[in-house]
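Notes follow once the structure below has been shown.
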Amino acid sequence: MQRSAIVIEHFTKRYGAREVVHDLSLDVPAGSIFGLLGQNGAGKSTTIKTLLNLLQPTSGRLEVLGFDCSSQSIAVRQRVGYLPEEPAYYSWMTVDEIVSFNAAFYEKWDTALAERLLAQLELPRDRRMRQLSRGMQAKVGLVMALAPRPEVLVLDDPTSGLDPVVRREFLEAMIANVQAEGGTVFFSTHMLNEMERVADEVAILHEGRLRVRASLEQLKAGTRKLRAVYPERVPDSFPIPDLLRVERNSHQVLLTVTAFDPAMPSALRDAGAESVEVIDLSLEEIFVETVKGDRS
Amino acid sequence: MSRHATVTLIRALAWKEWREQRALVVTGVALAILIPLLLMVGEAAAGRPLDMATLAGILPGIYILMLWPLLSVAAGAAAIANEIQDGTLGYLLSRPASRLRVWAVKVVMAFFSGLVILAGSLAIAWLFGLLAGTAAFSEATLGSTPLSGFLIIPATLLLFATSVFFSTFLTRAMTAAAAGLAASLLILAGFFLLWSRLEIYPRLEPEWMALEIFLAAGLLLLASLYLFWRGELLRGSGMRRLVPMASAMTVGLLGLVTVPLVLAHGRLTPSSAEIIQMDSSPSGDALVVTVTAKDRAIPRIWLVHSDGSGIEPVTGSLTFGPTMSPDGRWIAYFSRRGAFGLSREFPERELRAIRVDGSDDHHLATLASYTESDRTRASIAFSPDGTRVAAIGTDKLLIAPLSGGAGQTTNLAQTPLQQGSIAGWSADGTEVIVLSDGGRSAKDGSSMLAAVDAATGRIRPLYRSPEKTLIWLPHRRRAGWTRVPIVVNGSLLLVDVATGNTETLDGKTAYWSPRISDEGDELVYALSHRVARAPGESEIRLRNLADGTDRALATVSGMAGDIMRSPSGGSWIVNRYVDAKPIPSVSISHDGQTKELPPGWVGIGWYGREQVLLASVGDGSSLAALNATSGELRRLFP
């Protein structure tokens, strides 16, 4: 049985009457790169912050590596490297100072690795944090997230605002380091092409609810769009299960399905369609279809 | 986490906090240098050059009372708010360290910064002292610091704790500092109001105040910790719910701790009060008493109406020694009550007067002496015309006009009297009769009766007792003395105030209770006979002072104590003792008939023609009125 690095069970988070996450259940296999997708306000950051015990769940249970995120949060944080969406570091500290300060928190801090990463990322060690560009600051954050040799790396859209070159360099360094030791990466991003490039598994959150959870391969294989053209008007119903979205005009309909079956085009033709075209979707398109489909 | 790792972590956190507070510390020390320079420049510009010695003298006060508290507020306010504002708190809280540890290091280092500023500024004051050639912190200076002055320590802690509390959820240090300052002042004002105005017991002693301020500060720090612990990222809607909850919990806990104290001791009620002193109005219609709680710490003055219509506080706490004026409209008393209802610095006390209805409370004079024996010393006496008040404070005799004008002080320490009690005024109101404390003051152990001129302070000896013999002080007399009855070595003497001549009454017994009638024409006294293993007996005698005739009124068993004549002059109350323990008092009618009063009470005076005022035996904590005709006993207090 595959071990889970992160287990989330019936997690709900409310701020007063406003429900941000609703009954979320999710497990992240150990050693995987797991992407969490969602629009702004979908509940991604809330979920990640609750894993770090920066927020407390209204109900439900969250575990990382078997440790309860609320009652054993220090054990969790000892084993997790975390990079927030908009990291704020002590602007008056130099790079060396902040790295040393950070080292004091971790039992398994790897000074040699920190030194190597500082050199590899060409970080100016005696410069104050406020003198660094955003990209440089993100790299310092990366050093601090990797040097404790985390078993799980939790990233909350850490590359937003970075230029594409830095972003790519950043992701590669990060994933290479964690994956080399069999670690797990749990990350959220709105850069879907990045996720598509690296993720093994994805989940899509929309308005606090889990809409999709699958391996990237399964998701891309299962989610397709069928364009059917009818000689006369488009019928009211279609012989297709698991329809995510239906877009129709007078003679044509676009059907988004979540469990594509090669027999589906024949079934549509049998039901009166003049022609049927199967369209592959990118992860970004799947995400958009999922969000729009939810609305429709 | 290993011990080494814990030490490393705490050291790292402390280093970070120190680096963040360092600018404030530097500012504080810079201010400590600037303040004396600004003072010197400012005073010189105003044409009042400040000498170094004066400057060195005032600097510690400025630093301790102003700089330290204000910069502690700033340090407390910056402890957390700054990190909420710049977002670094999110980074810090996502590290593997307990929030308790992070909070504790923050608070300790912020308080430590305040202490560093204090130490630095005091070092500067010390340097100024050295330059001026004076010691800025002499033992005498510290020794003379009033106890209430040390309240600055808990007050500063409260200012700091309140600022830390606001710093936990406000995102600007300046706002947190302003809120902390305002809230601290409100809390302190609340305490002062509670203690000084509502007369809550226990309350007014600086030690209690310090304890309660410490308690409030501690609770605010706990509230801050609770918010830090439960407040997620310390901002947003969660905090908007938590903050009122934490505030309510703080107030609730403070209430939980203080309310039982208040309930246990509460406001002093007649049933929980003890009477330690009393005086009655000339008509006996009111008794003015000093009451205290069981610990006798905080006395205050109440008025008990003899008709049973009620008991009412007349003065605030820390007041005692009430004496009623000859017309029964004024009460003169001592007060150790200072600003905000706190006690004055020992041994200072104030002589004050207030109308019986509680109005026109005013200052008469200040006495700078107080000893334990002053608690029981007869200390205040109105002149026979009621226009002046004489008061004695150990070795100082003070005479002040009731209207509140300037008084006159006579230092008894430089005279043969040395120290003493007031026996009353001369009947013509020109002199105050003072009885020295005998063995406690005179080298040869004798005591002295003397008259002190109310206008000049000149002392005129009236009678000096033989060596090692005390003069027994008779009752005080509102109408003033013409002849003072005293008991010396078992003999009754009448000392003429005008001439100083002494008349000795014949008597071979041991116990006398002389009392001269209000009109001054009659002396009643007891001729007591001790009998071994028996109660003994006392012959109560009446002497006409005009013609010298002397007759026996009645003979009662036991040794006679106070004898009180009824307003009509037709009967007397005699208090009695056997082996120094009181036995029921007796009333004696003019024709010699005796009647025992209820047991457990002793007579203290008359109210109207028929009612005897009684105090309970022993502690004197109960008062009653006895209808001498019907025998009905009516409780007045409690």
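The values are calculated or read from the model by the stated rules, or taken from the named source; none is laboratory data. Everything numeric here is computed off the predicted structure, so don't read it as measured data. Here the Cβ is made from the backbone with ideal geometry for all residues, glycine too, and neighbour counts use every protein chain on show.
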Report, by residue number, each residue of the range A:208-243 that is surrounded by 17 or more Cβ atoms within 10 Å (Cβ to Cβ) and in contact with a His (Cβ under 8 Å, 6 or more places away or on another chain). A:G208, A:Y230, A:V234
Pick from the range B:257-299 the residues that are modelled with pLDDT of 65 or more and acidic (D, E): which of them is farthest from the chain's Cα centre (by Cα)? B:D285
Going through the range B:223-251 in order, the residues found to be of a type in the set (D, E) and part of a helix (DSSP H, G or I) are none
Just to check your reading of the model, which residue among A:A214, A:A176 is free of Cβ contacts under 8 Å to residues at least 24 places away in the same chain and part of a strand (DSSP E or B)? A:A214
If you scan the range A:1-37, which residues turn out to be farther than 15 Å from A:R61 by Cβ, of a type outside the set (F, W, Y) and within 14 Å of chain B (Cβ to nearest Cβ)? A:R14, A:G16, A:A17, A:R18, A:E19, A:V20
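Residues are listed down the side, and each one gets a yes or a no for (1) at pLDDT 95 or above; (2) crowded, with 24+ Cβ neighbours inside 10 Å; (3) basic (K, R):
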site: A:I8; (1), (2), (3): yes, yes, no
site: A:T12; (1), (2), (3): yes, no, no
site: A:A17; (1), (2), (3): no, no, no
site: A:D27; (1), (2), (3): no, no, no
site: A:A30; (1), (2), (3): no, no, no
site: A:L37; (1), (2), (3): no, yes, no
site: A:F67; (1), (2), (3): yes, no, no
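For every residue, the table says whether it meets (1) small (G, A, S); (2) farther than 27 Å from A:A42 by Cβ; (3) in contact (Cβ under 8 Å) with a residue 60 or more places away in the chain.
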residue: A:A119; (1), (2), (3): yes, yes, no
residue: A:Q131; (1), (2), (3): no, yes, no
residue: A:T159; (1), (2), (3): no, no, no
residue: A:R197; (1), (2), (3): no, no, no
residue: A:D200; (1), (2), (3): no, no, yes
residue: A:L210; (1), (2), (3): no, no, yes
Tally of residues being in contact with a Ser or Thr (Cβ under 9 Å, 6 or more places away or on another chain), outside any helix (DSSP H, G or I) and either within 13 Å of chain B (Cβ to nearest Cβ) or buried (at least 19 other Cβ atoms within 10 Å of the Cβ) (or both) across the range A:106-149: 3
Looking at (1) under 30 Å from A:E9 (Cβ atoms); (2) surrounded by fewer than 19 Cβ atoms within 10 Å (Cβ to Cβ), can you tell me which one A:L283 breaks? (2)
Quick one: how many residues across the range B:90-126 are within 14 Å of chain A (Cβ to nearest Cβ) and either assigned to a helix (DSSP H, G or I) or within 19 Å of B:A176 (Cα to Cα) (or both)? 10
Subset of the range B:227-257 that is more than 14 Å from chain A (Cβ to nearest Cβ) and hydroxyl-bearing (S, T, Y) - its residue that is nearest to B:I153 (Cα to Cα): B:T250
Considering the range B:549-567, residues that are surrounded by 19 or more Cβ atoms within 10 Å (Cβ to Cβ) and of a type in the set (V, I, T), and then whichever is farthest from B:Y525 (Cα to Cα), we arrive at B:V556
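Per-residue answers, yes or no, for (1) part of a helix (DSSP H, G or I); (2) more than 14 Å from chain A (Cβ to nearest Cβ); (3) over 23 Å from B:L130 (Cβ atoms); (4) within 38 Å of the chain's Cα centre (by Cα):
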residue	(1), (2), (3), (4)
B:T6	yes, no, yes, no
B:L9	yes, no, yes, no
B:E20	yes, no, yes, no
B:L34	yes, yes, no, no
B:V41	yes, yes, no, no
B:T54	yes, yes, no, yes
B:G57	yes, yes, no, yes
B:L67	yes, yes, no, yes
B:S72	yes, yes, yes, yes
So which of B:G87, B:G47 is without any contact (Cβ under 8 Å) to a residue 60 or more places away in the chain and within 14 Å of another protein chain (Cβ to nearest Cβ)? B:G87
Only one residue in A:N40, A:N53 is away from every other protein chain (no Cβ under 14 Å) and polar (S, T, N, Q), so which one is that? A:N40
Selection from the range B:103-120 of residues within 17 Å of B:W229 (Cβ to Cβ) and surrounded by 20 or more Cβ atoms within 10 Å (Cβ to Cβ) yields B:W103, B:V105, B:K106, B:V107
Scanning the range A:80-104 residue by residue, the ones that are farther than 16 Å from B:A14 by Cα and at the interface with another protein chain (Cβ under 9 Å from one of its Cβ atoms) total 8
How many residues are surrounded by 18 or more Cβ atoms within 10 Å (Cβ to Cβ) and either polar (S, T, N, Q) or under 21 Å from the mean Cα position of the chain (by Cα) (or both) when one looks only at the range B:312-329? 11
So which pairs qualify, if the first residue must be in the range B:230-246 and free of Cβ contacts under 8 Å to residues at least 24 places away in the same chain and small (G, A, S), the second must be part of a loop (DSSP other than H, G, I, E, B) and surrounded by 13 or more Cβ atoms within 10 Å (Cβ to Cβ), the Cβ gap must be under 7 Å, and the two must be at least 6 apart or on different chains? B:G238/B:G231; B:G238/B:E232
